[in-house]
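Before any comments, here is the structure.
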Amino acid sequence: MNTSTDYDLIIIGGGMVGASLAISLAKQALRVALIEAAPLHRSTPPGYDDRAIALSFGSRRIFDGMGLWEKIAPQTTSIQRIHVSDQGHFGFTRLDAAQEKVDALGYVATAQQLGAVLMSQLQQCDNLTLISPARLTDLTLGDGHAAVVITHDPDNNNGNTESLTSKLVVAADGGNSHVRNQLGIHTTAHDYGQTAIIANITPEKSHRHIAYERFTRNGPLALLPMPDNRCSLVWTRSPESAQHLSRLNDEDFLAKLQLCFGKRLGRFIKVGKRHSYSLQLIQAQEQVRHRLALIGNAAHTLHPIAGQGFNLGLRDVAALAQNIVDAFHAGDDIGALPILEAYAQWRERDHRQVIGFTNTLVHTFSNRFPPLVLARNLGLVATDIVPPLKHLLARHSMGIVGKLPRLARGLPL
């Protein structure tokens, strides 16, 4: 392979997806740079309001393949069961780790704890150059290499610029991807007309490692188990309703939540800081170009229903890392379009299925047309009592369907 470039691979974005890609390639003879606009060494003590991240069983396997799970596991709360219900109707479905013969259906970690493990591991990657804080200023995709211009210390008016070259640039810089915008890659967007309210709450009863997905008349409501008997709440409402709920005092907010969720967890006794954001489905119309690949939220930003966003991005990491490593070992150009198109084709089915599944859930369970209400409740009951249907739903929720890359089977690259 031609080594006339500064790096083999430049990753733009040092969040959890970008960091995971860099770590997955740590033992390879590849020169990798990771560029992040925010300082990478900030850390604050754990707190009640720490944001939760849902990790599927498949994501555990990927971290296993990276050799990271032993460090992540102590920071997680396992999901032993998932309870799906439709408010005011008879339908429900229950998934159980014991029935699926796995240790857990998934896990919940705080973004801060997971980020701390990833950051610690990044410091140990001998083939990695961390460049932070630095912001992408310009990007050119050429025949023989990609040229990246960055500004160091971008919040400082005197920050200096630097030009770097690489065989491949990977955009892992989130839903409002600067790379995507720089290159004029168009997106398709669907506004759900919904707002998600995010908070941590404490119930009276033990959550018993159960995750709840409850479809209410006003939108889905999810509770994920966390340490100290906290639950992570994602409550989807109309923008007007969300604004009203956000203005309520804690007692009134918990009373409204109680009415929607019921009393399976007893009385809700504490709520932390509430945050809200509008919900959109955003898809990049191009996943790859010659010398470029988009992964994670830069490629697809999902509705939070079913908690699939980060897990889908991590599966992008597993597939792209394998394609890069296989091409590199074969002496091929890792940034060549045929290599990257093979990655995009591999990921297309998973993207389509997950996006289709989340879209179907949102639209089906927000529709009050009586025949559809009856049909969806019969579907929930059928899924609960027909083992093959339940098993298929469980495997999809665990992220272990289709052709799996080595990392997603828990194997090292």
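No value in this document is a laboratory result; all are computed from the given coordinates. Predicted, not measured: the structure shown is a model, and the values here were computed from it. Ideal geometry is used to build each Cβ from the backbone, glycine not excepted, and the neighbour counts take in all protein chains shown.
Here are the numbers for the structure shown:
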{"item": "Sparse-neighbour loop sites [trypsin sites (Lys or Arg not before Pro); the stretch 23-93; at most 11 other C-beta within 10 Å; DSSP]", "result": "R42"}
{"item": "Sorted peptide list for 17-25, 216-224, criterion being average Cβ within 10 angstrom, highest first", "result": "17-25, 216-224"}
{"item": "Sequence-separation-based contact order of the stretch 90-165, relative, with Cα cut under 8 Å and 6+ spacing, percent", "result": "17"}
{"item": "Nitroxide proxy distance, nm - points 7 Å out along Cα→Cβ at T129 and Y277", "result": "3.1"}
{"item": "Size of charge dipole - the chain - debye, nearest 20, with Cβ of Lys, Arg +1 and Asp, Glu -1, no other charges", "result": "1620"}
{"item": "Separation in nanometres of the label points that stand 7 Å from Cα toward Cβ, at D153 and L392", "result": "5.9"}
{"item": "Gain on full stretching of the segment that runs from A29 to K403 - 0.36 nm per residue minus C-alpha separation", "result": "132.0 nm"}
{"item": "Residue-wise HN-Hα coupling along the stretch 145-160, computed from phi with Karplus coefficients 6.51, -1.76, 1.60 (Hz; x: Gly, Pro)", "result": "6, 9, 10, 10, 10, 10, 10, 6, 6, x, 7, 9, 4, 9, x, 8"}
{"item": "Added length on full extension, which subtracts the Cα-Cα distance from 0.36 nm per residue, N176 to H190", "result": "3.6 nm"}
{"item": "Nearest-ten-degree value, helix 309-329 long axis tilted from longest Cα axis of the chain", "result": "30"}
{"item": "Nearest 10 degrees, 0 to 90: helix 337-365 Cα axis against the chain principal axis", "result": "20"}
{"item": "At 1.567 mPa s and 4 °C, Stokes D of the chain from Kirkwood alpha-carbon radius, µm² per second", "result": "58"}
{"item": "Dipole-positive endmost among P304, Q121, V179 within the chain (Cβ charges, Cα centre)", "result": "P304"}
{"item": "For the stretch 264-280, Karplus couplings with θ = phi - 60° (6.51, -1.76, 1.60), whole Hz, Gly/Pro x", "result": "4, 10, x, 7, 7, 10, 8, 9, x, 5, 9, 10, 9, 8, 6, 10, 9"}
{"item": "Karplus (6.51, -1.76, 1.60) ³J(HN,Hα), θ = phi - 60°, over the stretch 391-402, in Hz, Gly and Pro reported as x", "result": "5, 5, 4, 5, 5, 5, 5, 7, x, 10, 10, x"}
{"item": "Helical mean residue ellipticity (222 nm; -39500 (n - 2.57) per DSSP H run of 4+; nearest 500) of the chain", "result": "-10500 deg cm²/dmol"}
{"item": "Relative contact order computed over the chain (Cα-Cα under 8 Å; 6+ residues apart), in percent", "result": "23"}
{"item": "Extension gain from Q345 to A330, taking 0.36 nm per residue of separation minus the Cα-Cα distance", "result": "3.4 nm"}
{"item": "Where chymotrypsin sites (Phe, Trp or Tyr not before Pro) in DSSP loops with at most 15 other Cβ within 10 Å are excluded, longest remaining stretch of the chain", "result": "91-413"}
{"item": "Where labels lie 7 Å past Cα in the beta-carbon direction, separation of L411 and A111 in nm", "result": "3.5"}
{"item": "Cross-link reach list, lysines versus K263, counting only Cα pairs under 28 Å and skipping chain neighbours closer than eight places", "result": "K205, K273, K390"}
{"item": "Radius of gyration, Dmax [the stretch 143-193; alpha carbons; angstrom]", "result": "14.6, 44"}
